[in-house]
1. How big is the C-alpha Rg of region 1-154 next to the rule-of-thumb value 2.2 N^0.38 Å, as a ratio?
2. Once every DSSP H run of n ≥ 4 in the chain is given -39500 (n - 2.57) and the sum is divided by its residues, what mean residue ellipticity at 222 nm do you get, rounded to the nearest 500 deg cm²/dmol?
3. Given an 8 Å cut-off on Cα distances and at least 6 residues of separation, report the relative contact order of region 248-324 as a percent.
4. Say the cut-off is 25 Å between C-alpha atoms; which of Lys224/Lys253; Lys151/Lys224; Lys140/Lys224 go over it?
5. Put +1 on the Cβ of every Lys and Arg and -1 on every Asp and Glu Cβ in the chain; which of Leu40, Leu320, Ser200 then has its Cα farthest towards the positive end of the dipole?
6. Could you give the Stokes-Einstein D for region 169-209 in µm² per second, using the C-alpha Kirkwood radius, 20 °C, 1.002 mPa s?
7. State, to one decimal in nm, how far the label point of Cys275 lies from the label point of Ser69, with both points 7 Å from Cα in the Cβ direction.
8. With only alpha-carbon pairs counted, each pair once and no self-pairs, how large is the Kirkwood hydrodynamic radius of region 228-324 in angstroms?
Amino acid sequence: MNILADFRTQRPATLADAVSALAAEGAVPLAAGTDLLPNLRRGLGQPAALVDLTGVDGLGAISILADGSLRIGAAATLEAIAEHALVRANWPALSQAAEVVAGPTHRAAATLGGNLCQDTRCIFYNQSEWWRSANGYCLKYQGDTCHVIVKNDRCYATYHGDVAPALMVLGARVDIVGPAGRRGIAVEELFREDGAGHLSLERGELVAAVELPPASGWKTAYVKARIRDAVDFPLAGVAVALRREGDRIAGLKVAITGANSAPLLVPTDELVGGCWDAAAAGTLSQRVRRTSNVLKTTVTGVGYRRRALLALAPRTVDALWQGG
Ligand SMILES: Cc1cc2nc3c(=O)[nH]c(=O)nc-3n(C[C@H](O)[C@H](O)[C@H](O)COP(=O)(O)OP(=O)(O)OC[C@H]3O[C@@H](n4cnc5c(N)ncnc54)[C@H](O)[C@@H]3O)c2cc1C
Ligand code: SF4
């Protein structure tokens, strides 16, 4: 059986040409392909055309704007983001997140846009065609049953992107371009809690860039737990932005990945104004527990992933509180 039908490839040189190429039925954006191509080789998807965005003029630029904010084009590589001196100095959560995606050769090609828009993952989905067909496929693609949650109300595949939670705590906005023009949204609005439709992009739209406000006054960090430090997706990932004024928390933002079908902000308002102590750490762990929904979507046990997530969040706030 031919699991991958013929498709066209296009390599537009301008954003306008990319948008018009993506308006065609079945056209899909392609960046470095480190997420998309392994999936296609497994028969996951049948695009009519791949529109390669890496040739679009200026789409890989990283620039500091006049007001001190940072603009990063969607085709910027994770390596370029991780190594950018001003990003490291002013938006460390972002450089730390980019620096721990997969391995070095991977980051030399993989892009910001592809990282944000990467597919959700599940042990019943990221499998070969013969494996999936032998198991009756699943609700996300070609089948009608979810093997993780039997009520079949939606797909619960997990989002494992490292960069999105860092952008969330940094207050980033996404610049989206499509057939209806340009629009800007907060990065958290790019995602939905649905493993089979986790992006809010309309047909033909693409992520053009991400913009981050100046982060002065905030200490930020991203940490992840994974089995092999050299390559693996996050089993749990936590981004934190903290503003400390004396013994008081003046601002706190926490976002998680590797737990739900979307990266999510954890409610932390009740901690702002208080001090960071054991009770606050307990409250934060509770909020993380209530926000997360870790399910059997990876080979690593649910209990381990949940415990890692609950431990990483207070530990990261603690390190920033101590000035680390
Ligand atoms: C072995 C291995 C390990 C990995 N480890 C990690 C990890 O630790 N952390 C992690 O976060 N990811 C990991 N990944 C997933 C993936 O490789 C990375 O997320 C990478 O950043 C994807 O970028 P890309 O440019 O290759 O995207 P592509 O594969 O080209 O695209 C990914 C998806 O995004 C869409 N897309 C691309 N650009 C745009 C755009 N500008 N606008 C709209 N849609 C777009 C594509 O259509 C596709 O659906 C891993 C993958 C592999 C194979
Ligand atoms: S969560 Fe269910 S529907 Fe989604 S990929 Fe896994 S088995 Fe399929």
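1. 1.22
2. Numbers: 11 runs with 93 residues, N = 324.
About -8000 deg cm²/dmol.
3. 29 percent
4. Violating the 25 Å limit, Cα to Cα: Lys151/Lys224; Lys140/Lys224.
5. Leu320
6. 200 µm²/s
7. Between Cys275 and Ser69, the simple spin-label model gives 3.7 nm.
8. Working: mean 1/r = 0.0722 Å⁻¹.
The Cα-based Kirkwood calculation yields 13.9 Å.
The values are calculated or read from the model by the stated rules, or taken from the named source; none is laboratory data. These figures come from a predicted structure and were not determined experimentally. Here the Cβ is made from the backbone with ideal geometry for all residues, glycine too, and neighbour counts use every protein chain on show. Accessible surface areas use protein heavy atoms only, side chains included; no ligands, DNA or RNA. Shrake-Rupley method; radii C 1.70, N 1.55, O 1.52, S 1.80 Å.
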